[in-house]
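Chemist: Below are the structure tokens for one structure; questions will follow.
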Amino acid sequence: MDPLVFGLIAIAAVLHVTWNVLLKTAGEPLRAATVGMIAGAIVLIPVGVVAWLVLGRPALEPQGVALGVLSGCIEAVFFSLLSAAYRRGDLSIVYPVARGSATFLAVAAGVVLLGERLGIEGAIGVVCLLAGFLWLQRPWRAFGIGTSRGFDPAVGFALATGCAIATYSAVDRVGVRLIEPWLYAGIMWTTTAVILSGWWLLRRATAATAPDGLNRRAIARASVGGLLTVGAYVCILVAFTLAPLTAVAPLRESAIVLASGWGALRLREAEGRREAVTRIAAAGLIVVGAILLGLDG
């Protein structure tokens, strides 16, 4: 594979993890996500319009536009679920579970709904994913077996987030084939920004006490985060032009290890070094599973 592809994926992974760190450390993740998506839309809309005019106003396939809007709606749900997970749990747990479960669900849909079959690499990949989930979350502890702790709601929201990721990824794979990716991205981003903004205005109008406003520093951090997501998206799009989806998609999940390491060590989410190593190693196992599934595809 071209070294440039690895570089682009590495940059995208770092940018994506940074954005999630900003969301996790924000006082209200969904509010920060709203500001970030608005910032991204402000950049993408004029760029998309200018590019559309320069290229001679290419036709916009109605189905492609519709899928872009649908993807934006699903993205809004995704941010709602992710924010709920981050309010309740650790970055080093939520991020690997959400991203890893999305890969697993995509494969499960292919096998169950499309009749696809897994080869040896794919089967080993599924085992690695499941083992990574078990090692990371230790469900016997989460369900309260042998401890007073009940089910961790953050894991439930993270799994739901994974469902949203798998859903909008499937929509995007079809949508970007109908219209230019940069036009599709502009439609998707704008839709998400509008929905999240509407949610925020409705919340302010109906809440007994108005939600606290963002200060300038928080707005700046969220805006930078939104621009980082645009940068990560562009890097992945360029990588797709240089390498097949089956190679790019699994490698981008390397961000799982980065997020787990940052949360466990930098944010001090793990209780001691041993717990930190466990979380990072489990996240690494999830990445191995994702890569194997990509190679099998």
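The values are calculated or read from the model by the stated rules, or taken from the named source; none is laboratory data. Being a predicted model, the structure only gives us computed values, none of them experimental. Neighbour counts are summed over all protein chains in view; Cβ atoms, including those assigned to glycine, are modelled from backbone coordinates with ideal geometry.
Chemist: With the condition kept exactly as written, say whether any residue in the stretch 90-101 is charged (D, E, K, R), farther than 24 Å from residue 193 by Cβ and surrounded by fewer than 17 Cβ atoms within 10 Å (Cβ to Cβ).
Modeler: Our first condition is that a residue be charged (D, E, K, R); within the stretch 90-101, this holds for 90, 99.
In the following step, the residues that additionally are farther than 24 Å from residue 193 by Cβ were identified as 90.
From what is left, the residues that are surrounded by fewer than 17 Cβ atoms within 10 Å (Cβ to Cβ) are none.
No, the stretch 90-101 has no match at all.
Chemist: Now, a different point. Residues in the stretch 277-290: is at least one over 22 Å from residue 103 (Cα atoms) and modelled with pLDDT of 85 or more? Explain how you work it out, then say what you get.
Modeler: To start, the set of residues in the stretch 277-290 that are over 22 Å from residue 103 (Cα atoms) comprises 277.
Narrowing further to those that are modelled with pLDDT of 85 or more: 277.
Yes, because at least one residue in the stretch 277-290 is over 22 Å from residue 103 (Cα atoms) and modelled with pLDDT of 85 or more.
Chemist: Quick test for you: out of 76, 66, 59, pick the one residue that is surrounded by 20 or more Cβ atoms within 10 Å (Cβ to Cβ) and aliphatic (A, V, I, L, M). Walk me through how you get there before you give the answer.
Modeler: On the way: 66 fails: surrounded by 20 or more Cβ atoms within 10 Å (Cβ to Cβ); 59 fails: surrounded by 20 or more Cβ atoms within 10 Å (Cβ to Cβ).
The match here is 76.
Chemist: Considering the stretch 1-29 alone, what residues qualify as being free of Cβ contacts under 8 Å to residues at least 40 places away in the same chain and outside any helix (DSSP H, G or I)? Show your work before the answer.
Modeler: Step one: list which residues in the stretch 1-29 are free of Cβ contacts under 8 Å to residues at least 40 places away in the same chain, which gives 3, 7.
Within the stretch 1-29, none qualify.
Chemist: Condition check: within 19 Å of residue 254 (Cβ to Cβ), touching a helix residue (DSSP H, G or I) at 6+ places or on another chain (Cβ under 9 Å) and in contact (Cβ under 8 Å) with a residue 40 or more places away in the chain. Does residue 91 satisfy that?
Modeler: Numbers: within 19 Å of residue 254 (Cβ to Cβ): yes; touching a helix residue (DSSP H, G or I) at 6+ places or on another chain (Cβ under 9 Å): yes; in contact (Cβ under 8 Å) with a residue 40 or more places away in the chain: yes.
Yes, satisfied.
This table checks each residue for (1) within 15 Å of residue 159 (Cα to Cα); (2) among the charged types (D, E, K, R); (3) modelled with pLDDT under 90.
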| position | (1), (2), (3) |
| --- | --- |
| 34 | no, no, no |
| 49 | no, no, yes |
| 55 | no, no, yes |
| 79 | yes, no, no |
| 85 | yes, no, no |
| 90 | yes, yes, no |
| 94 | yes, no, no |
| 114 | no, no, yes |
| 118 | no, no, yes |
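Chemist: Could I ask something else about it? Being assigned to a helix (DSSP H, G or I), under 17 Å from the mean Cα position of the chain (by Cα), aliphatic (A, V, I, L, M) and more than 11 Å from residue 193 (Cα to Cα) is true for just one of 66, 32, 51, 76. Which residue is that?
Modeler: Residue meeting the stated conditions: 32.
Chemist: Additional query: Restricting the first residue to the stretch 150-162 and requiring it to be surrounded by fewer than 19 Cβ atoms within 10 Å (Cβ to Cβ), which pairs with a second residue that is modelled with pLDDT of 85 or more and among the basic types (Lys, Arg) meet a Cβ separation below 6 Å and a spacing of at least six or different chains?
Modeler: Qualifying pairs under 6 Å: 153/88.
Chemist: Taking the stated definitions as given, is residue 253 at pLDDT below 90, of a type in the set (D, E, K, R) and within 28 Å of residue 180 (Cα to Cα)? Walk me through it before giving the result.
Modeler: Values: at pLDDT below 90: yes; of a type in the set (D, E, K, R): yes; within 28 Å of residue 180 (Cα to Cα): yes.
Yes.
Chemist: Further question on the same structure: Just for the stretch 168-199: of the residues that are surrounded by fewer than 20 Cβ atoms within 10 Å (Cβ to Cβ) and hydroxyl-bearing (Ser, Thr, Tyr), which one is modelled with the highest pLDDT?
Modeler: Checked the stretch 168-199; the qualifying residue modelled with the highest pLDDT is 197.
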